[in-house]
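Can you read through this structure? Questions will come right after.
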Amino acid sequence: MNRHEFKKVARRVWYFIWEEDSWASWIVNVILAFVLIKFVIYPGLGFLLGTKFPIVAVISSSMEHDGSFETWWNQQASWYEANNITEEEFKTFSFKNGFNKGDI
């Protein structure tokens, strides 16, 4: 395949994926997006962030802390203090009020 033929094929493929409004084009787009996210973006984020799970989501309300921080702390203080975490130190944590369902 010479250079001219390659350009012609590349343009047809590009048009098919990004411009054409057909079911086949839509299916190829979905598959391409899945492959890119699963094998390029997700592992890339994992590498950059140094973790196997770079994106997680809260899917239950078990991490929500209803009420005031003081009420919650009074119920949980013994466990944190047993693990050498003071109330003052806990108040510096980013998510001291817990997560909300749907947080990423």
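The values are calculated or read from the model by the stated rules, or taken from the named source; none is laboratory data. Please read these numbers as outputs of a predicted model, since none were measured by experiment. With ideal geometry, Cβ positions are generated from the backbone for all residues, glycine too; neighbour counts draw on all protein chains shown.
For every residue, the table says whether it meets (1) at pLDDT below 95; (2) in a loop (DSSP other than H, G, I, E, B); (3) not assigned by TED's automatic domain parsing to the domain that holds GLU89.
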{"position": "ARG11", "(1), (2), (3)": "no, no, yes"}
{"position": "GLU20", "(1), (2), (3)": "yes, yes, yes"}
{"position": "ILE27", "(1), (2), (3)": "no, no, yes"}
{"position": "LEU36", "(1), (2), (3)": "no, no, yes"}
{"position": "ASP66", "(1), (2), (3)": "yes, yes, no"}
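Residue check, LYS52 against (1) of a type in the set (Lys, Arg); (2) out of contact with any helix residue (DSSP H, G or I) (no Cβ under 8 Å at 6 or more places or on another chain); (3) closer than 30 Å to ASN100 by Cα, all met but one. Which one?
(2)
Please state which one of SER68, SER25, SER94, SER61 is among the small types (Gly, Ala, Ser) and either surrounded by 13 or more Cβ atoms within 10 Å (Cβ to Cβ) or in contact with a Gly (Cβ under 8 Å, 6 or more places away or on another chain) (or both).
None of the others qualify; the one that does is SER25.
Among (1) touching a strand residue (DSSP E or B) at 6+ places or on another chain (Cβ under 9 Å); (2) of a type outside the set (D, E, K, R); (3) on the phi < 0 side of the Ramachandran plot, where does GLY98 come up short?
Here GLY98 meets the rest and fails (3).
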